[in-house]
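Okay, so here's the structure we're looking at.
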Amino acid sequence: MQEGLVSCILILCLVSPCLCLKWSNFGVETEESTYNVLDYGTNGNGESDDSNAFLSAWNDTCRSQGIANLVIPKGKVFMLKNLELKGPCKANSIHIQLFGNIVAPTKDEWVDDKKDLIIISNVNSLTIDGGGYIEGNGNTWWERCKDCTRPGVLRFSSCNDLSVSSLNLVNSPRFHIAINNCKNARFFNMNINAPGNSPNTDAYDISNSKNVVFQDSTIAVGDDCIAINGGCSYINATGITCGPGHGISIGSLGKNKDYETVEEVHVKNCTFKGTTNGARIKTWEGGSGYVRNIIFEDIILIEAKNPIIIDQHYGSKNANIEVVSMPISDVTFRGFEGTCAKEKAINLNCSSNGCFNIILDQINIVASNPKKKAQAFVTNVHGIVQNVIPKVYGMLE
Ligand SMILES: *[C@@H]1O[C@H](CO)[C@@H](O)[C@H](O)[C@H]1NC(C)=O
Ligand SMILES: *[C@@H]1O[C@H](CO)[C@@H](O)[C@H](O)[C@H]1NC(C)=O
Ligand SMILES: *[C@@H]1O[C@H](CO)[C@@H](O)[C@H](O)[C@H]1NC(C)=O
Ligand SMILES: *[C@@H]1O[C@H](CO)[C@@H](O)[C@H](O)[C@H]1NC(C)=O
């Protein structure tokens, strides 16, 4: 039986090499199906809720065999009030092609403030691209709801082998993209945009995830461009232009005495332009766990206010020397060049237990305002300083 199949495939390959490519191991054809949201009764007028039509289209996509494509066509605006795309799926891989645009309802029309606009969970081998926009209508929230619960626009939860590229996300009420419990994810050629004064509009908020790459993207938001939270390892960011925004941050970690870890983070070839912070690590007093093996390198600064920061007293007004913070070690800041908009170009503020093996190397930061002088502050830091401007005093061995 098996032999018969194999020779059959061999003959087919000889007759038609093209056809052969469509056949995978031992004669199982890789099916490919395409579903278009327009075939499920969407309005695409930007005003009436298309969530149910999207969900029906998703159900068929998720249940199909082989490779499944879900097309959201160009030239239409789809209003989604609440969409949960759940796996696991039968399809081996799913490609969502967002050519058209998606718009969130205004605050008053939002279905459930505790639910993000689009939640994708337990879907593996998912690719999303297409150049479309997702407009979060955050301006209907920010003023009226500074301290109340505000949702984000896109959440990935337990999605492995994820690729997201060429999307425009604008004006989320809260974070733009949350990533939780995902392995092997790549986000590239993304454009994420919200006003610099919009509250908590992180571009990316990532937790409990591994092997995640952020690449070649432009981010301008009102909070962190990338916030790397507890449970993350092997996170890379390269070719990110961030600003306005709060920079690329690890943490905050250890709030409410939590145990949290972050390790193997590599930020390279990024630009911080008009950001309040740049490369930042922030931990609360009293937390446990660790932050280690972190590299920030080849960073261009254009009027970043606080470009290099470690803060182990995050959230405290006065350093409490009795209470220590989780250990931070093996952190390298290398190859920073450019201007800072305030005096504290470098501020490594560790708690009394100290930060260890912190390397400052080839750094040249000057104040953008000639009346101000860039300065470096280090407290309880053990490490090495090489070729650093401004001059660093007080680094411990
Ligand atoms: C989609 O599938 C889910 C789970 O099978 C089901 O509960 C839901 O009714 C389906 N929705 C639509 C719109 O087909
Ligand atoms: C992250 O960057 C490091 C250092 O450049 C590299 O060795 C590693 O392969 C990168 N990881 C991914 C997932 O791209
Ligand atoms: C650095 O990032 C920029 C985008 O900001 C990109 O165009 C360039 O190719 C990157 N360079 C390297 C060496 O990766
Ligand atoms: C270090 O943090 C403490 C607590 O927040 C603060 O009081 C102190 O001013 C900080 N040091 C520097 C140099 O910023």
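A few remarks follow.
- Given (1) modelled with pLDDT under 95; (2) within 16 Å of residue 251 (Cβ to Cβ); (3) within 10 Å of ligand 4 (Cβ to nearest atom), number of the condition residue 324 does not satisfy: (3)
Residue-wise test of (1) among the β-branched types (Val, Ile, Thr); (2) under 25 Å from residue 191 (Cβ atoms); (3) touching an Asp or Glu at 6+ places or on another chain (Cβ under 8 Å); (4) within 16 Å of ligand 2 (Cβ to nearest atom).
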site: 223; (1), (2), (3), (4): no, yes, yes, no
site: 231; (1), (2), (3), (4): no, no, yes, no
site: 241; (1), (2), (3), (4): yes, yes, no, no
site: 247; (1), (2), (3), (4): no, yes, yes, no
site: 252; (1), (2), (3), (4): no, no, no, no
site: 257; (1), (2), (3), (4): no, no, no, no
site: 268; (1), (2), (3), (4): no, yes, yes, yes
site: 273; (1), (2), (3), (4): no, yes, yes, no
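- Among the conditions (1) of a type in the set (Val, Ile, Thr); (2) within 16 Å of ligand 3 (Cβ to nearest atom); (3) part of a loop (DSSP other than H, G, I, E, B), residue 192 misses just one, which is (3).
- The residue that is nearest to residue 386 (Cα to Cα), counting only those in region 325-352 that are open to solvent by 60 Å² or more (accessible area, probe 1.4 Å) and out of contact with any Asp or Glu (no Cβ under 6 Å at 6 or more places or on another chain), is 337.
- Exclusive hit being within 29 Å of residue 254 (Cβ to Cβ) and within 16 Å of ligand 3 (Cβ to nearest atom), set 175, 156, 187: 187
- So residue 320, is it under 23 Å from residue 237 (Cα atoms), open to solvent by 10 Å² or more (accessible area, probe 1.4 Å), in contact with an Asp or Glu (Cβ under 6 Å, 6 or more places away or on another chain) and free of Cβ contacts under 8 Å to residues at least 40 places away in the same chain: no
- Contact map, region 273-298: first residue more than 15 Å from residue 363 (Cα to Cα) and without any contact (Cβ under 8 Å) to a residue 40 or more places away in the chain, second residue basic (Lys, Arg) and away from ligand 2 (no atom under 16 Å from the Cβ), Cβ cut-off under 7 Å, separation 6 or more or different chains; pairs are 276/305; 277/305; 286/257; 287/255; 287/257.
- Sole residue being touching a residue at least 24 places away in the same chain (Cβ under 8 Å), within 16 Å of ligand 2 (Cβ to nearest atom) and closer than 27 Å to residue 300 by Cβ, chosen from 331, 381, 392, 366: 331
- Sub-6 Å Cβ pairs linking a first residue in region 339-363 that is on the phi < 0 side of the Ramachandran plot and at pLDDT 95 or above to a second residue that is open to solvent by 10 Å² or more (accessible area, probe 1.4 Å) and within 16 Å of ligand 2 (Cβ to nearest atom), at least 6 apart or interchain, are 359/332; 361/334, ordered by first then second residue.
- All told, residue 188 meets the bar of being within 17 Å of residue 129 (Cβ to Cβ), open to solvent by 10 Å² or more (accessible area, probe 1.4 Å) and modelled with pLDDT of 95 or more.
- Candidate set: region 228-250, residues that are open to solvent by 10 Å² or more (accessible area, probe 1.4 Å) and within 19 Å of residue 209 (Cα to Cα); chosen: the one nearest to ligand 4 (Cβ to nearest atom): 229
- When region 211-227 is limited to residues that are buried (at least 20 other Cβ atoms within 10 Å of the Cβ) and either at pLDDT below 95 or of a type in the set (A, V, I, L, M) (or both), the one that is farthest from ligand 1 (Cβ to nearest atom) turns out to be 220.
- Counted residues, region 133-144 - those being part of a loop (DSSP other than H, G, I, E, B) and either at pLDDT below 95 or under 18 Å from the mean Cα position of the chain (by Cα) (or both): 3
- Residue in region 196-218 that is farther than 24 Å from residue 75 by Cβ, aliphatic (A, V, I, L, M) and not in a strand (DSSP E or B) present: yes
- Every residue from region 90-127 that is in a loop (DSSP other than H, G, I, E, B) and small (Gly, Ala, Ser): 91, 100, 104, 125
- Scan of region 86-114 for residues that are crowded, with 16+ Cβ neighbours inside 10 Å and modelled with pLDDT under 95, ordered by number: 110
The values are calculated or read from the model by the stated rules, or taken from the named source; none is laboratory data. None of these values were measured; they are calculated from a predicted model. Reconstructed Cβ throughout: ideal geometry from the backbone, glycine too, with neighbour counts over all protein chains shown. These area figures cover heavy atoms from the full protein model, side chains too; ligands, DNA and RNA do not enter into them. Shrake-Rupley method; radii C 1.70, N 1.55, O 1.52, S 1.80 Å.
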